[in-house]
Amino acid sequence: MPQLTVRGIGVDVMVSISRPLVEELAAICQCGTDHFTVDCLNVVSVFDGQACNTNPFIEVAWFERGREIRDRVAEAITRHVRTAGVSELEIAFKVYKEDGYYIGGVPCG
Amino acid sequence: MPQLTVRGIGVDVMVSISRPLVEELAAICQCGTDHFTVDCLNVVSVFDGQACNTNPFIEVAWFERGREIRDRVAEAITRHVRTAGVSELEIAFKVYKEDGYYIGGVPCG
Amino acid sequence: MPQLTVRGIGVDVMVSISRPLVEELAAICQCGTDHFTVDCLNVVSVFDGQACNTNPFIEVAWFERGREIRDRVAEAITRHVRTAGVSELEIAFKVYKEDGYYIGGVPCG
């Protein structure tokens, strides 16, 4: 964690931005780059009676870090994705609680 | 948003009901149909030592709209899915907070 | 529910452990084995400018059952997955509220 789950953006795009994006996020969150995971999810989107393009969307699952860090993380993700040509992006933060997160069976809180 | 993520229901089924379903949901939520996304997720389900059919399940990610709207949204989704031949459906609402949701880098709250 | 959504662990692994794992979880949660679903999600993970292996991760979506049950569920999942050769595993619990969960259109709370 943080864990980014991506819809509607090509794997090639995420590959192209992954290094500078994660380096910047790690600096903002003050943790190592190896804390981050970026997972591209393949979905089939449907609208108005037919399959359609998937809206670019990234869910960031993490422990709560507060407004300032969250704003900066969202801004950095949006900017890197835009640089790669994806102009519209929605981001949602999903908060896991430390006492509901286990690494190797050991709770984080 | 609202964002419907669907498991265990064929894309063809969601295509067949998407227009009337989203029109009814938009009327209930009093927002445009283009606020809704319907994403079909492909998973491999496992039970009792073998792969199995996936239970029909829809997660609705949204901002909290209260009990009455939620009940009506769940009823409408269940009814449309039943009309298409899927009799068993479970629905879970996942609440995003406005200040944890960003459109184009700008927070919604 | 509980609903286990699995990333970064092969379907074959989950098949091999599914029966004893779910039987133990059902005993811990004091509910039937048929309350559990195990869904394997296919994602493409990206790190440092290239596609990479997906970190083993299981999200457990459920109604809150408290610390003791949660610890035991996490311990059992971790142990069964380790037995199948997956040494590193992170588990996150995602809590659905009873009044935001609908079975056949009827709320659970």
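When region B:64-107 is filtered for residues that are of a type in the set (Phe, Trp, Tyr) and either free of Cβ contacts under 8 Å to residues at least 40 places away in the same chain or loosely packed, with under 15 Cβ neighbours inside 10 Å (or both), the ones remaining, listed by number, are B:Phe93, B:Tyr102.
Out of B:Met1, B:Met14, which single residue is at pLDDT below 95 and crowded, with 17+ Cβ neighbours inside 10 Å?
On the way: B:Met14 fails: at pLDDT below 95.
Exactly one of B:Met1, B:Met14 is at pLDDT below 95 and crowded, with 17+ Cβ neighbours inside 10 Å, namely B:Met1.
Taking the condition over 19 Å from C:Val46 (Cβ atoms), surrounded by fewer than 17 Cβ atoms within 10 Å (Cβ to Cβ) and facing chain B (nearest Cβ under 7 Å), does A:Gln30 pass?
On the way: over 19 Å from C:Val46 (Cβ atoms): yes; surrounded by fewer than 17 Cβ atoms within 10 Å (Cβ to Cβ): yes; facing chain B (nearest Cβ under 7 Å): no.
Criteria not met by A:Gln30.
Taking region A:80-106 as the range and being under 13 Å from the mean Cα position of the chain (by Cα) and either of a type in the set (Lys, Arg) or modelled with pLDDT under 95 (or both) as the test, only A:Lys94 passes.
Based on what the data block shows, is B:Val46 more than 14 Å from chain A (Cβ to nearest Cβ) and assigned to a strand (DSSP E or B)? Yes, satisfied.
Please state which one of B:Val6, B:Val22, B:Val13 is in contact (Cβ under 8 Å) with a residue 40 or more places away in the chain and in a helix (DSSP H, G or I).
So the residue among B:Val6, B:Val22, B:Val13 that is in contact (Cβ under 8 Å) with a residue 40 or more places away in the chain and in a helix (DSSP H, G or I) is B:Val13.
Within region B:51-65, can one find any residue that is in contact with a Leu (Cβ under 9 Å, 6 or more places away or on another chain), away from chain A (no Cβ under 14 Å) and basic (Lys, Arg)? No - not one qualifying residue is present in region B:51-65.
Within the option set B:Val38, B:Val60, being crowded, with 16+ Cβ neighbours inside 10 Å, without any contact (Cβ under 8 Å) to a residue 40 or more places away in the chain and hydrophobic (A, V, I, L, M, F, W, C) holds for one residue only, B:Val38. Name the residues in region C:45-57 that are buried (at least 17 other Cβ atoms within 10 Å of the Cβ) and of a type in the set (A, V, I, L, M, F, W, C), would you? Correct list: C:Val46, C:Phe47, C:Phe57.
Scanning region A:11-26 for residues that are facing another protein chain (nearest Cβ under 10 Å) and either within 23 Å of A:Ile69 (Cβ to Cβ) or of a type in the set (Gly, Ala, Ser) (or both) turns up A:Met14, A:Ser16, A:Ile17, A:Ser18, A:Arg19, A:Pro20, A:Leu21, A:Val22, A:Glu23. With respect to the conditions (1) assigned to a helix (DSSP H, G or I); (2) within 14 Å of chain C (Cβ to nearest Cβ), A:Thr78 falls short on a single one, namely (2). For region C:94-109, filtered to residues that are part of a loop (DSSP other than H, G, I, E, B) and within 24 Å of A:Glu59 (Cα to Cα), the residue that is nearest to the other protein chains (Cβ to nearest Cβ) is C:Tyr96.
The values are calculated or read from the model by the stated rules, or taken from the named source; none is laboratory data. All values reported here derive from a predicted model rather than from experimental measurement. Positions of Cβ are backbone-derived with ideal geometry, glycine not excepted, and every protein chain shown enters the neighbour counts.
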